[in-house]
Amino acid sequence: MRTIGVLALLVAALVLSATAGILVGAVAIGPGDVLAALFGSNDVNGTIIRELRLPRVLGAALVGGSLATAGALLQGLLRNPLADPFVTGTSAGATLAAVVAIVLGLAAPFVPIAAFAGALITVTLVWRLARLGGGTTVLTVLLAGVVLTSFAGAVVTFLLVSSDRLA
């Protein structure tokens, strides 16, 4: 019974935040105009809602749900409720690659690509480090992630301090 109550509360929060996301913006649009826009109104308000606000709200809900699913999968896979991208080193690897891309002067569109590549490389390194002892346990994966997080953080700090480009 408690699970149903929590689920109902979360669905209500999702509906409330989605409604706020559609209503709030640079142009004040009332709830009646929102309903008219959703059912085919072709005025300016309808265009604003269908072309700008609704895709933003749906995208935010999709990304939020995807991140929650990824977090739950990571915690379930490692059987540790504290496992997250910061503990496993993924976030630090992405940060390091993004900082390297910026220090090297790569164009802005390449920074997220570098960050993604850095995250993948770090996950691979964590997995390989965890397997060095022969078997792979949850503890070795988490410890390898913490080690790589510390190392990547140190390299990022060094790059930020020593880079003339970022001064």
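The values are calculated or read from the model by the stated rules, or taken from the named source; none is laboratory data. A quick note: this is a predicted structure, and the numbers were derived from the prediction, not measured. Every residue, glycine among them, receives a Cβ derived from its backbone with ideal geometry; neighbour counts consider all protein chains shown.
The residue list Thr3, Thr95, Thr47 contains one member that is among the hydroxyl-bearing types (Ser, Thr, Tyr) and under 30 Å from Val155 (Cα atoms), which is Thr95. Leu96: farther than 30 Å from Ala13 by Cα, hydrophobic (A, V, I, L, M, F, W, C) and in contact with a Leu (Cβ under 9 Å, 6 or more places away or on another chain), yes or no? Taking the combined requirement at face value, the residue satisfies it.
If you go through the range 107-130 and pick out every residue that is exposed (fewer than 14 other Cβ atoms within 10 Å of the Cβ) and over 20 Å from the mean Cα position of the chain (by Cα), you end up with 2. Checking the structure you have, find out if any residue of the range 95-106 is under 20 Å from Val138 (Cβ atoms), within 19 Å of the chain's Cα centre (by Cα) and either surrounded by 22 or more Cβ atoms within 10 Å (Cβ to Cβ) or not assigned by TED's automatic domain parsing to the domain that holds Gly153 (or both). No.
Residue count for the range 1-51 satisfying the condition of being among the basic types (Lys, Arg) and surrounded by 10 or more Cβ atoms within 10 Å (Cβ to Cβ): 1. Checked against the criterion of being modelled with pLDDT of 95 or more, among the aliphatic types (A, V, I, L, M) and closer than 21 Å to Leu148 by Cα, the range 78-94 contains one or more residues that satisfy it.
Listed by first and then second residue, the pairs linking a residue in the range 13-29 that is closer than 12 Å to Ala61 by Cα to a residue that is hydrophobic (A, V, I, L, M, F, W, C), with Cβ atoms under 8 Å apart and 6 or more places separating them unless they lie on different chains, are Leu14/Ala61; Ala18/Val57; Ala18/Ala61; Gly21/Val57; Gly21/Ala60.
Of all the criteria given as (1) without any contact (Cβ under 8 Å) to a residue 40 or more places away in the chain; (2) among the aliphatic types (A, V, I, L, M); (3) within 30 Å of Gly118 (Cα to Cα), the one not satisfied by Leu35 is (3). If the condition is being more than 29 Å from Thr140 (Cα to Cα) and of a type in the set (S, T, N, Q), then the range 46-90 contributes only Thr47. Just one of the numbered conditions (1) farther than 30 Å from Val24 by Cα; (2) at pLDDT 95 or above; (3) not hydrophobic (A, V, I, L, M, F, W, C) is not true of Arg165: (2). With respect to being at pLDDT 95 or above, farther than 30 Å from Leu10 by Cα, surrounded by 12 or more Cβ atoms within 10 Å (Cβ to Cβ) and of a type in the set (Gly, Ala, Ser), Ala144 falls outside the description. Scanning the range 52-94 for residues being loosely packed, with under 11 Cβ neighbours inside 10 Å and not in a helix (DSSP H, G or I) gives a total of 3.
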